[in-house]
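Take a look at the structure below.
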Amino acid sequence: MPQSLSKIYVHITFSTKNRCPVLDDNIQQPLWAYIAGICANLDCHAVRVGGYNDHLHICCLLSKKMTPVKLLEEIKKDSSKWMKTQGKQYADFYWQDGYGIFSVNPSEIETVVGYIDGQREHHKKLTFQEELLRFLKKYKVEYDERYLWN
């Protein structure tokens, strides 16, 4: 094949450092838009960015030129720097060290978008920790819980 073709959708999730609930209503929409812009600059079109007060979700198309680890490094680094400029209450902002990234079947994109859009309602019943454990079980990811919650 004389050309390289790729269409890999991913669902990414990670939390604030120590799951501090600092992503308040004032910062959420600007932060989601900023992260979507980071993804666009990396040629990783964001289908949806959203989340709740202590974590976020990103559904994006992974560029054939981008590794998952590099994408996450850039998103976290750039958005963390940006957050620190948004007011005194965000001056000590950090993301957790780890992340979850899961492949998404293109036929399930609307389901993932709906899931991300429903975070506020979803987290009236479930914590981020419970949510992540469900993802890990669904995707059959092996993990050591000692290192899951930094």
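No value in this document is a laboratory result; all are computed from the given coordinates. On a predicted model such as this, the values are computed, not experimentally measured, just so you know. Please note: Cβ atoms are built from the backbone with ideal geometry, for glycine as well, and neighbour counts cover all protein chains shown.
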Alpha-carbon centroids, the stretch 13-33 and the stretch 64-90: separation in whole Å | 12 Å
With each label point set 7 Å from Cα along the Cα-Cβ vector, what nm distance links residue 139 and residue 127?
-> 2.1 nm
Exposure proxy check on 109, 35: fewest-to-most Cβ neighbours within 10 Å is 109, 35
Sort 81, 76 so that the residue with the fewest other Cβ atoms within 10 Å of its own Cβ comes first and the one with the most comes last.
-> 81, 76
Separation of the residue 20 and residue 7 label points, Cα + 7 Å toward Cβ, nm = 4.2 nm
May I ask which residue of 30, 20, 147 lies farthest towards the positive end of the charge dipole of the chain, with charges of +1 (Lys, Arg) and -1 (Asp, Glu) on Cβ and the Cα centre as origin?
-> 147
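Relative contact order for the stretch 8-147 using alpha-carbon pairs under 8 Å, separation at least 6, rounded to a whole percent?
Values: 183 pairs, mean separation 44.6, N = 140.
Relative contact order comes out at 32 percent.
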Mind checking which lysines have their C-alpha under 28 Å from residue 70, skipping anything on the same chain fewer than 8 residues away?
-> 7, 17, 81, 84, 137, 138, 140
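Placing unit charges on C-beta atoms (Lys and Arg positive, Asp and Glu negative, everything else neutral), compute the dipole magnitude of the chain about its Cα centre in debye, rounded to 20.
180 debye
In which sequence would 82, 149 go, from the one with the fewest C-beta neighbours within 10 Å to the one with the most?
By the 10 Å Cβ count, ascending, the order reads 149, 82.
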Calc'd 3J(HN,Hα), the stretch 9-17, phi into Karplus 6.51 cos²θ - 1.76 cosθ + 1.60 (θ = phi - 60°), Hz, glycine/Pro = x, comes to 8, 10, 10, 10, 9, 7, 10, 6, 4
